[in-house]
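Contents: one structure, followed by commentary.
We did not get these values from a lab; they are worked out from the coordinates using the rules stated. If you're wondering where the values come from, they're calculated on a predicted model, not measured in any experiment. Every residue, glycine among them, receives a Cβ derived from its backbone with ideal geometry; neighbour counts consider all protein chains shown.
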Amino acid sequence: MNHLMRNLAPITDAGWAEVDAEAKERLQTHLAARRLVDVAGPHGWRHSATDLGRTATLASATLADIGEGAVVRQRRVLPLAEVRVPFTVSREELDDAERGADDLEFDDLDRAAKQIAMIENRAVFHGWAAAGITGITETCPYDTPSLGDDPDAYPGVVARAVDTLRQAGIKGPYGLAIAPEGYTRIVESTEHGGHLLFDHLRRVLGGGKVVRAPGLDGALIVSLDGGDFSLELGQDLAVGYSHHDAENVTLYLEESFSFRVVEPDAAVTLTS
C-alpha cells in the first residue's frame with residue numbers, strides 16, 4: 001500500500017493499529033450496501049475497470065487502409081471511481097495511544113467514515129451518474145409501493161414486495177434495506193403479543209436480513225440469492241497519510257469501486 005504513504009506519517013505502529021481499528025469499527029456501522037450485494041475483490045489500487053463482457057462496434061471507415069470486410073470492436077468496461085475523504089487526528093491523541101489510552105477522541109474519523117460510507121451506499125442504491133454507475137432503485141421494473149410511517153404495517157408491505165419477487169422467479173432469501181429512521185421504528189416496535197417486529201420481518205424475508213441503510217431514501221427489498229448485484233473493489237477502504245503540522249496529522253479514507261445491476265428484476269423499491 002505504498003500509495004497510501006503511511007511510512008511518511010509521524011505515527012508509530014501502535015498508533016496506526018489504533019487508527020485502523022477505530023476506522024474499521026466506525027465503517028462497519030455505516031457500510032450497508034455491502035451486506036446486500038455481491039462484493040468482488042479487492043483487486044488492488046492498480047485495478048482500473050470492470051470488464052462488462054461486451055463490445056461496441058467501431059466504424060471501420062475511420063481507419064485508413066484496413067481493407068474490406070474487417071469488423072472492428074472495442075471492449076466495453078466500467079471505470080472504477082476513486083473516493084478520498086480526509087480527516088485529522090490530534091498528535092496529542094496519538095501520543096496518548098502510545099501510552100496505552102483506550103478512550104481516544106477520533107470524532108473527525110467518525111465523520112469521514114460516515115461520509116465515505118454514504119457515498120458508497122448512495123452509489124449502490126441510487127446511482128452515481130458522473131461515475132457511470134446505475135443504482136438499484138433506478139433499474140427496478142416494478143411499481144413502488146409506499147412503506148409509510150406505521151411500523152405495524154411494514155410486514156404486510158414487505159410480504160407483498162417479496163411475493164412480487166417470487167412471482168417473477170426471483171429466489172430468496174431476501175433482504176430489507178431501510179433508511180435509519182425506519183430502522184429505528186422497527187427496532188423500537190413490538191407487535192400484539194410482544195413479538196418483535198424485527199423478528200417477524202425476518203421470517204417474511206425467508207430468513208433474510210433487515211439492514212439499517214444510511215444514504216437510502218425509503219426502503220428496498222432485494223434478493224440475497226447472489227449474482228444479481230455486483231460491487232467490485234479495487235482498493236478496499238484504507239487509511240492513508242496526507243500531511244501534518246505541530247498539532248494535527250491529516251489522514252484520509254480511500255477506496256476505489258464500481259457497481260453493476262446484473263438483474264434489475266431482483267429488487268423492489270419502497271418509497272418512504
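Working carefully through the options Leu251, Leu216, Leu231, find the one that is under 30 Å from Phe106 (Cβ atoms) and either outside any strand (DSSP E or B) or among the β-branched types (Val, Ile, Thr) (or both). None of the other options fit; the residue is Leu216. Among the conditions (1) surrounded by 16 or more Cβ atoms within 10 Å (Cβ to Cβ); (2) touching a residue at least 12 places away in the same chain (Cβ under 8 Å), the only one that Ala168 does not satisfy is (1).
A single entry from Thr139, Thr134, Thr144 fulfils the requirement of being polar (S, T, N, Q), surrounded by fewer than 20 Cβ atoms within 10 Å (Cβ to Cβ), in contact (Cβ under 8 Å) with a residue 40 or more places away in the chain and touching a helix residue (DSSP H, G or I) at 6+ places or on another chain (Cβ under 8 Å): Thr139.
As a summary of the residue check, Gly100 satisfies the conditions (1) loosely packed, with under 13 Cβ neighbours inside 10 Å; (2) touching a residue at least 12 places away in the same chain (Cβ under 8 Å); (3) not charged (D, E, K, R) except for the one numbered (2).
Within segment 83-128, if we keep just the residues that are assigned to a helix (DSSP H, G or I) and among the basic types (Lys, Arg), the residue that is nearest to Ile221 (Cα to Cα) turns out to be Arg122. With respect to the conditions (1) out of contact with any helix residue (DSSP H, G or I) (no Cβ under 9 Å at 6 or more places or on another chain); (2) hydroxyl-bearing (Ser, Thr, Tyr); (3) over 28 Å from Val19 (Cα atoms); (4) buried (at least 16 other Cβ atoms within 10 Å of the Cβ), Thr184 falls short on a single one, namely (4). Here Ala9 clears all of (1) buried (at least 16 other Cβ atoms within 10 Å of the Cβ); (2) out of contact with any strand residue (DSSP E or B) (no Cβ under 6 Å at 6 or more places or on another chain) except the condition numbered (2).
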